[in-house]
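Visitor: Could you have a look at this structure, given as structure tokens, before my questions?
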Amino acid sequence: MPLSLSSKSMASIHNHTPTTTTTTITNGTTPTDHDHEPNETTQTHLPKKPKLSSPFISPSEIQSEFSHHDPNVARINNGSFGCSPRSILAAQQQWQLNFLSQPDHFYFNDLKGGILQSRTLIKHFINADHVDEVTLVDNATTAAAIVLQQSAWSFREGKYNKGDAAVMLHYAYGAVKKSVEAYITRSGGFVIEVELRFPVTSVDDIVTEFRKALERGKSDGKKVRLAVIDHVTSMPSVVIPVKQLVKICREEGVDQVFVDAAHAIGCTDVDMQEIGADFYTSNLHKWFFCPPSVAFLYCRKSSKFCDLHHPVVSHEYGNGLAIESAWIGTRDYSAQLVVPSVFEFVNRFEGGIEGIKKRNHASVVEMGEMLAKAWGTNLGCPPEMCSSMVMVGLPACLGICSDSDTLKLRTHLRDKFGVEVPIYYRPPKHGEVDPITGYARISHQIYNKVADYHKFRDVVNNLVGDGFTCALLMDHSVEGS
Ligand SMILES: Cc1ncc(COP(=O)(O)O)c(C=O)c1O
């Protein structure tokens, strides 16, 4: 299991952060115990009991940390862009000021050490063998480009043969699919998509389809060179049994396995020894409270053909991926430097990031079930296959008939009702009667309140009551003209 870093173990690693990097809440009210003090008229002469004050962050402190969020929006979409609390934004600004106050001093004395410190904390947290296995990059998209660029070179340099295969899920993230097209297909690779049924009913369905795809990849004496496996798919959102799929890849002789775990850290279990992939990336700005944008890319030291480079080449080319990536030209590195402050922030919660993750999961499942009951629908997968996001069926009478309908409905919910939630179109299968064709992906993060989900429930119920259907919504291109 990954290590959970206590404040004590943090302190031993945490020695580069500028002293001005604090977790002070810079806005909003500070709660006091006065709220709970008996007033004069109710005061008795009984001896006072000692006060039990919680060592953890209070609800009003959490509210202050997110006081920059638009109060008019039920933001139940943490999955897309994550969130960053005010204390972390303050720490980030301090790093930015440190740079701007004396850039040369910062460059020569602080930057490398600061990034190494962040990588070291991540290394412990994800249970990697060595800090050299951990690189910080901008985002999961960049991490995918690093891995796929290496596959493209393997085709070009004759390590792979034309027609060798790469396997990925049908539900792989759109931008990553484009990257596979740009690097693998253009290099002569054959791309196989693993079809998955939705709603998902069991892990076994996924495993069976994955095995079939590998078989196809190996037909005619070809080799499967790369498997790209999501840990938590984006749309529809489901937790994929990565550990099992990586093991199958090993048994079937797949050369390299890349896990696109853009959502994973802070949202599901992340342990490099247990998962066993060659490459694994997770954003830190989605579920780990970093500001945009930062992700880690783990690269197993013992991997075959490991010739990884940052796509933006700069002075450090050839010095190892982690060092190359720590300087890709003049830019703002502050999102990478606040990682120690984020560990401090999450340790203000009971159970740290693990506790946050567990509570988010329990809450999102509870809210998903509440919505499904209110609308007479169902969840998109069993609760144990959900992370901090759940797919909830929308009433069929909303008439969601295309991807374009989902976008129009999402815009309508945002613009007219202040509800932010992504929607997935699930085409009806032949012979299905009154199928659910739209699923909302709801997220739960520490700033969410039950009222956010009640607002969504009531808006949808009112739309249904008013006889609304997506056919009534105009195309944006038409609306704008
Ligand atoms: C599965 C998956 N992969 C990759 C990405 C890309 O993340 P980013 O835009 O931060 O690079 C996302 C974003 O939501 C995602 O869900």
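Visitor: Only one residue in Val313, Val339 is aliphatic (A, V, I, L, M) and buried (at least 23 other Cβ atoms within 10 Å of the Cβ), so which one is that?
Guide: Result of the check over Val313, Val339: Val339.
Visitor: Of all the residues that make up the range 311-350, how many are more than 30 Å from Ala182 (Cα to Cα) and free of Cβ contacts under 8 Å to residues at least 24 places away in the same chain?
Guide: Residues in the range 311-350 being more than 30 Å from Ala182 (Cα to Cα) and free of Cβ contacts under 8 Å to residues at least 24 places away in the same chain: 0 in total.
Visitor: Something else: Filter the range 409-457 down to the residues that are touching a residue at least 40 places away in the same chain (Cβ under 8 Å) and of a type in the set (Gly, Ala, Ser), then identify the one that is nearest to Ala362 (Cα to Cα).
Guide: Here the answer is Ser443.
Visitor: With respect to the numbered conditions (1) in a helix (DSSP H, G or I); (2) closer than 22 Å to Thr120 by Cβ; (3) touching a His at 6+ places or on another chain (Cβ under 8 Å), which one is the sole condition not fulfilled by Ile353?
Guide: Condition (3) is where Ile353 drops out.
Visitor: Let me ask another. Pairs only if they're at least six apart or on different chains, beta carbon under 6 angstrom, first in the range 160-188 and more than 17 Å from Lys222 (Cα to Cα), second assigned to a helix (DSSP H, G or I) and within 10 Å of the ligand (Cβ to nearest atom); list them, first residue then second.
Guide: Ala175/Thr141; Val176/Ala144; Ser179/Ala144; Ser179/Ala145
Visitor: Taking the stated definitions as given, is Phe155 away from the ligand (no atom under 16 Å from the Cβ), in contact (Cβ under 8 Å) with a residue 40 or more places away in the chain and in a helix (DSSP H, G or I)?
Guide: So Phe155 fails the test.
Visitor: If you don't mind, there's one more thing I want to ask. Given the options Glu324, Glu316, name the one that is away from the ligand (no atom under 16 Å from the Cβ), acidic (Asp, Glu) and assigned to a helix (DSSP H, G or I).
Guide: Numbers: Glu316 fails: assigned to a helix (DSSP H, G or I).
When all the criteria are applied, what remains is Glu324.
Visitor: Taking the range 166-184 as the search range and keeping residues that are buried (at least 18 other Cβ atoms within 10 Å of the Cβ) and aliphatic (A, V, I, L, M), which one is nearest to the ligand (Cβ to nearest atom)? I'd like the intermediate steps shown before the answer.
Guide: We begin by selecting, within the range 166-184, every residue buried (at least 18 other Cβ atoms within 10 Å of the Cβ); these are 166-169, 171-173, 176-177, 179-180, 183-184.
Narrowing further to those that are aliphatic (A, V, I, L, M): 166-169, 172, 176, 180, 184.
Working: Ala166: 16, Val167: 16, Met168: 11, Leu169: 9, Ala172: 7, Val176: 5, Val180: 12, Ile184: 16 Å.
Restricting to residues being buried (at least 18 other Cβ atoms within 10 Å of the Cβ) and aliphatic (A, V, I, L, M), the top hit is Val176.
Visitor: Can Val364 be described as in contact with a His (Cβ under 7 Å, 6 or more places away or on another chain) and surrounded by 14 or more Cβ atoms within 10 Å (Cβ to Cβ)?
Guide: yes
Visitor: Checking the conditions here, which among Glu215, Glu209 is away from the ligand (no atom under 16 Å from the Cβ) and either in contact (Cβ under 8 Å) with a residue 12 or more places away in the chain or crowded, with 21+ Cβ neighbours inside 10 Å (or both)?
Guide: None of the other options fit; the residue is Glu209.
Visitor: Restrict the check to the range 237-250 and report whether at least one residue is within 11 Å of the ligand (Cβ to nearest atom), among the small types (Gly, Ala, Ser) and closer than 24 Å to Gly79 by Cα.
Guide: Yes, that holds for at least one residue.
Visitor: Please tell me if Ser187 is crowded, with 22+ Cβ neighbours inside 10 Å, of a type in the set (S, T, N, Q) and either more than 16 Å from the ligand (Cβ to nearest atom) or more than 18 Å from Ala261 (Cα to Cα) (or both).
Guide: no
Visitor: So, one more: Among the residues in the range 294-310, are any in a loop (DSSP other than H, G, I, E, B), within 18 Å of the chain's Cα centre (by Cα) and within 16 Å of the ligand (Cβ to nearest atom)?
Guide: yes
Visitor: Somewhere in the range 90-110, is a residue closer than 23 Å to His361 by Cα and not polar (S, T, N, Q)?
Guide: Looking through the range 90-110, none of the residues is closer than 23 Å to His361 by Cα and not polar (S, T, N, Q).
Every number here is computed from the coordinates shown, using simple stated rules; none is lab data. No experiment lies behind these values; they were computed from the predicted model shown. All Cβ positions, glycine included, derive from the backbone under ideal geometry; neighbour counts span all protein chains shown.
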